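Down below is the structure, laid out as structure tokens.
The values are calculated or read from the model by the stated rules, or taken from the named source; none is laboratory data. Remember, it's a predicted structure, so these values are computed and weren't measured experimentally. All Cβ positions, glycine included, derive from the backbone under ideal geometry; neighbour counts span all protein chains shown. In case anyone asks, the SASA skips ligands and DNA or RNA and just uses the protein heavy atoms, side chains included. Shrake-Rupley method; radii C 1.70, N 1.55, O 1.52, S 1.80 Å.
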Amino acid sequence: MLALFPPTVRLLLVVATTSAFVLINDLLLSAVVFLVSAVVLISNRRFPYVPVTFMVLTTMLMYFFSNFAFSPTSKGGLVIWAFRFNSAGFDLGLIGGFKRSAMVTLSLAWLTGTRIPEIYQALAFVKPGRRWLMLFLRLVQLVKRDIDATRQSLLIRDRERSALDVRGRLFRLKLMLQALLLRVFSLVGRVAYAAESHAPGMRTVGDLELLGVSAEYYQTGTVLRDIDLKIGAGEFVFVAGRNGSGKTTLLRVLSGYIPRITGSLSGRVCVAGHDLGDLTLASLSHSIRYVPADSVVSVVGLTVGQEISLASDDGIAGKAALELMGATHLCDRETTTLSGGEQMRVLLASILSSGTQILVLDSPLEQLDWASRRKLLSTLEGHAKRGGSVVLTDTDYPTVSRYVSRFILLENGVVALDSDPHQLSEDVLVRAGLATPEVPESVPTVDGSATCAQMEGIRVVLGGTEVLRGFDFAVKHGECVGVVGPNGSGKTTAMLTLAGVIRPASGNLELSGRVAYVFQDTSLQMVEPLSRDEIAIGPGLRGWGDPARAAYVVDMLRWARMNGQESSVDVSSGESKLLGISAMVMDCPVVAIDEPSTGLDAFAVEAVSTLVKDLRARGVGVIVVTHDARMIRLATRVVVVESGKVSRECDSESAIGLMQQWMADER
């Protein structure tokens with residue numbers, strides 16, 4: 001109902017109306033305004049019923065009791081200790097309870113029925129604080145995203161626990177509060193860094209140079225050792241190395257993220273002869289832009305259109321960048337409602353429109369479909385040819401290799417090789433973890449094996465948008481099903497629905513047990529600060545004994561090649577993916593892994609492939625949602641998702657050919 005008015009008018013209407021409620025002194029009128037306010041609240045249909053009802057009833061009872069228990073002394077009545085009760089106080093209590101509850105109800109109707117970008121639009125007339133308002137609302141937007149993700153993560157791990165288990169619910173609440181504190185502390189610094197990258201600043205153009213640089217983290221110690229490196233204008237540099245070799249840390253040092261946000265370093269990092277420590281963050285970000293694997297945190301705008309306008313004053317350049325990345329249709333969307341691939345496309349469009357000369361990108365291809373990968377790499381190649389610099393790390397080297405001009409290999413935190421990418425031996429690719437190992441032989445599905453999960457005619461509506469439109473899907477015990485499709489086609493939503501954390505509007509969902517879903521962005525599923533504790537959550541929630549829980553943690557830490565002391569929210573994308581898989585895949589008939597090869601070198605991909613084989617041998621139905629041909633080849637069959645439904649089914653080689661055709665069609 002309130003949505004009929006523009007945001008500013010809506011806000012002023014609510015403020016004026018609730019202020020007028022204070023003047024009401026009639027019982028009937030106060031009851032009427034409360035009922036009207038309740039109708040307005042219910043009409044938006046998007047509010048959380050339990051907490052909102054609790055707040056309204058608590059307000060009503062509090063004001064009723066405070067007036068009734070301290071009734072006017074002139075009216076006499078019953079006196080109990082310090083309290084006086086009489087009919088006049090009773091009437092005043094009802095009036096106060098109704099009108100205060102009406103104020104709360106109408107305010108909540110505005111708050112729950114108004115999107116965060118509309119709140120900014122309604123308050124944007126306060127110009128002195130506009131920037132801080134946007135940053136605050138952006139933080140609220142991200143915290144809201146993290147609350148939803150944490151709830152989903154805990155629900156997936158403990159899906160079969162009874163809702164009446166009070167002890168279990170309290171434990172989940174404790175974990176959620178702990179996770180939110182962990183996320184908020186992590187978010188504040190990164191959002192501030194991203195905000196400064198969008199602020200006006202002096203642009204410094206020139207070579208990027210590291211002189212005797214070493215870098216370390218508090219949890220893991222020294223990662224880079226005595227690095228000397230110079231990156232000149234016009235270079236397109238690929239940074240390679242095994243998981244844990246220091247690739248992400250090197251990119252963070254090059255961009256100034258270390259030591260400003262995390263970690264510490266010794267030595268000098270210079271751009272055009274200026275020490276990065278002497279530059280303001282705004283000036284630094286106008287010279288060097290860093291794209292981390294967690295792309296959404298680098299976005300400041302509340303909507304896609306706002307993000308692009310903040311990155312560049314040139315509207316034509318912004319529109320061209322959006323069109324180049326295939327994101328023009330997303331212009332009015334909230335940035336936290338985008339899929340992983342859509343978020344990366346928007347961030348890349350923002351950076352390309354900003355005119356920044358030095359681009360530092362951590363795994364930008366992994367969440368993009370094949371057509372978007374080619375577009376991005378062609379654009380980056382053109383940027384380098386025009387005198388810019390590009391430093392990139394990614395696992396899809398076969399696609400990247402035709403574009404880059406320089407290859408740097410890191411081993412144990414030092415530069416082991418600095419070479420022409422067209423003169424690399426097979427041995428170097430194996431050392432770098434880029435050579436694709438032989439995929440283990442697939443385990444054939446037993447004929448007639450039972451279905452362990454099935455979706456029929458599933459329809460899902462999120463934020464008023466129909467995301468799934470009659471989605472039909474099934475997986476059998478012991479088989480591996482690949483799921484492919486363009487960015488934003490509904491793949492992740494389908495898996496979250498299968499896992500039981502999104503309720504479909506219609507359709508039939510049948511499961512033989514819990515579905516373990518590994519998030520596309522595994523950093524969002526983390527709850528505990530340390531890797532060993534993160535892995536132990538699932539067995540703990542499911543009531544495993546201490547010996548079984550400890551044995552599972554040891555086994556999965558060994559599989560993930562971790563020591564248990566790593567920070568769950570500040571690791572590379574590859575380490576985060578291995579940790580996310582380790583924390584989710586226990587004791588269930590269905591395992592769904594979204595982008596299982598994110599950030600992984602060839603050896604880690606082989607470990608994931610072996611795990612898939614082992615799960616299938618135990619009769620587990622495995623689902624891999626991916627754009628990676630190595631993962632698709634693990635599948636016994638592949639379903640193609642387009643526009644919210646399964647459009648076709650094929651074998652793995654046909655699916656790879658289809659994705660290559662999508663790339664060719666975009667040329």
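Checking each residue in the range 269-279 for being more than 11 Å from Leu208 (Cα to Cα) and out of contact with any helix residue (DSSP H, G or I) (no Cβ under 8 Å at 6 or more places or on another chain) picks out Gly277, Asp278.
Residues of the range 1-24 that are touching a residue at least 40 places away in the same chain (Cβ under 8 Å) and of a type in the set (A, V, I, L, M): Met1, Leu2, Ala3, Leu11, Val14, Val22, Ile24. Checking Asp665, Asp614 one by one, the residue that is modelled with pLDDT under 90, out of contact with any strand residue (DSSP E or B) (no Cβ under 9 Å at 6 or more places or on another chain) and not β-branched (Val, Ile, Thr) is Asp665 and no other.
Can you spot a residue in the range 57-69 that is of a type in the set (A, V, I, L, M, F, W, C), open to solvent by less than 60 Å² (accessible area, probe 1.4 Å), in contact (Cβ under 8 Å) with a residue 40 or more places away in the chain and not in a loop (DSSP other than H, G, I, E, B)? Give the steps one after another, and end with the answer.
Going through the range 57-69, the residues of a type in the set (A, V, I, L, M, F, W, C) turn out to be 57, 60-62, 64-65, 68-69.
Subsequent filtering for residues that are open to solvent by less than 60 Å² (accessible area, probe 1.4 Å) retains 60, 64, 68-69.
Okay, now just the ones that are also in contact (Cβ under 8 Å) with a residue 40 or more places away in the chain, so 60.
Filter again for not in a loop (DSSP other than H, G, I, E, B), leaving 60.
The answer is yes, given that some residue of the range 57-69 is of a type in the set (A, V, I, L, M, F, W, C), open to solvent by less than 60 Å² (accessible area, probe 1.4 Å), in contact (Cβ under 8 Å) with a residue 40 or more places away in the chain and not in a loop (DSSP other than H, G, I, E, B).
Using beta carbons and a limit of 8 Å, which pairs, at least six apart or on different chains, have the first residue in the range 655-667 and under 17 Å from Val640 (Cα atoms) and buried (at least 16 other Cβ atoms within 10 Å of the Cβ) and the second one at pLDDT 70 or above and basic (Lys, Arg)? From the range 655-667, the pairs are Ile656/Arg633; Met663/Arg373; Met663/Arg374. When residues in the range 461-492 are screened for being open to solvent by less than 10 Å² (accessible area, probe 1.4 Å), part of a strand (DSSP E or B) and either among the polar types (S, T, N, Q) or within 18 Å of Gly341 (Cβ to Cβ) (or both), 4 of them pass.
Filter the range 591-606 down to the residues that are of a type in the set (Gly, Ala, Ser) and more than 20 Å from Gly500 (Cα to Cα), then identify the one that is farthest from the chain's Cα centre (by Cα). Out of the qualifying residues, it is Ala602.
A count restricted to the range 386-429 and to residues that are of a type in the set (Phe, Trp, Tyr), under 14 Å from Lys247 (Cβ atoms) and touching an Asp or Glu at 6+ places or on another chain (Cβ under 8 Å) stands at 1.
Give the residue, chosen from Gly538, Gly564, Gly543, that is open to solvent by 20 Å² or more (accessible area, probe 1.4 Å) and not acidic (Asp, Glu). Walk me through it before giving the result.
Numbers: Gly538 fails: open to solvent by 20 Å² or more (accessible area, probe 1.4 Å); Gly564 fails: open to solvent by 20 Å² or more (accessible area, probe 1.4 Å).
Residue meeting the stated conditions: Gly543.
Enumerate the helices (runs of 4 or more DSSP H) found wholly within the range 295-370, keeping only those where 3 or more residues are open to solvent by 30 Å² or more (accessible area, probe 1.4 Å).
Numbers: elements: 304-311, 315-324, 340-354.
Output list reads 304-311, 315-324.
Residue count for the range 67-102 satisfying the condition of being within 17 Å of Phe34 (Cβ to Cβ) and of a type outside the set (A, V, I, L, M, F, W, C): 8.
Among the conditions (1) closer than 22 Å to Phe519 by Cα; (2) of a type outside the set (Asp, Glu); (3) over 23 Å from the mean Cα position of the chain (by Cα), Arg406 misses just one, which is (1).
Search the range 546-561 for residues being of a type in the set (Gly, Ala, Ser) and within 22 Å of Val590 (Cβ to Cβ), and hand back the single one that is least open to solvent (accessible area, probe 1.4 Å). I'd like the intermediate steps shown before the answer.
Pass one, the range 546-561, residues of a type in the set (Gly, Ala, Ser): 548, 550-551, 560.
In the following step, the residues that additionally are within 22 Å of Val590 (Cβ to Cβ) were identified as 548, 560.
Working: Ala548: 49, Ala560: 5 Å².
If we take residues in the range 546-561 being of a type in the set (Gly, Ala, Ser) and within 22 Å of Val590 (Cβ to Cβ), then Ala560 is least open to solvent (accessible area, probe 1.4 Å).
Summed over the range 203-253, the residues that are under 18 Å from Gly574 (Cα atoms), touching a helix residue (DSSP H, G or I) at 6+ places or on another chain (Cβ under 6 Å) and open to solvent by 10 Å² or more (accessible area, probe 1.4 Å) give a count of 3.
Looking at Asn412, is it modelled with pLDDT under 90 and within 23 Å of Asp394 (Cα to Cα)? In short, no. Scanning the range 499-511 for residues that are more than 21 Å from the chain's Cα centre (by Cα) and of a type outside the set (A, V, I, L, M) turns up Pro504, Ser506, Gly507, Asn508, Glu510.
Among the residues of the range 537-550, are any touching a residue at least 24 places away in the same chain (Cβ under 8 Å), over 21 Å from the mean Cα position of the chain (by Cα) and within 30 Å of Met659 (Cβ to Cβ)? No, the conditions are met nowhere in the range 537-550.
Any residue at all in the range 74-97 that is of a type in the set (Phe, Trp, Tyr) and within 14 Å of Val22 (Cα to Cα)?
Going residue by residue through the range 74-97, those that are of a type in the set (Phe, Trp, Tyr) are 81, 83, 85, 90.
Retained after the next criterion (residues that are within 14 Å of Val22 (Cα to Cα)): none.
No, the range 74-97 contains no residue that is of a type in the set (Phe, Trp, Tyr) and within 14 Å of Val22 (Cα to Cα).
Could you tell me which of the residues Val428, Val400 is open to solvent by 10 Å² or more (accessible area, probe 1.4 Å) and under 29 Å from Thr220 (Cβ atoms)?
Just one listed residue meets the conditions, Val428.
Picking from residues in the range 512-530 that are more than 19 Å from the chain's Cα centre (by Cα) and crowded, with 18+ Cβ neighbours inside 10 Å, the one that is modelled with the lowest pLDDT is Arg514. Just one of the listed residues (Arg252, Arg268, Arg289) is at pLDDT 85 or above, over 24 Å from the mean Cα position of the chain (by Cα), at negative phi and basic (Lys, Arg), namely Arg268.
Can you go through Asp447, Asp396 and tell me which one is at pLDDT below 90 and either within 30 Å of the chain's Cα centre (by Cα) or basic (Lys, Arg) (or both)? Please lay out each step first, then the result.
Values: Asp447 fails: either within 30 Å of the chain's Cα centre (by Cα) or basic (Lys, Arg) (or both).
Answer to the check: Asp396.
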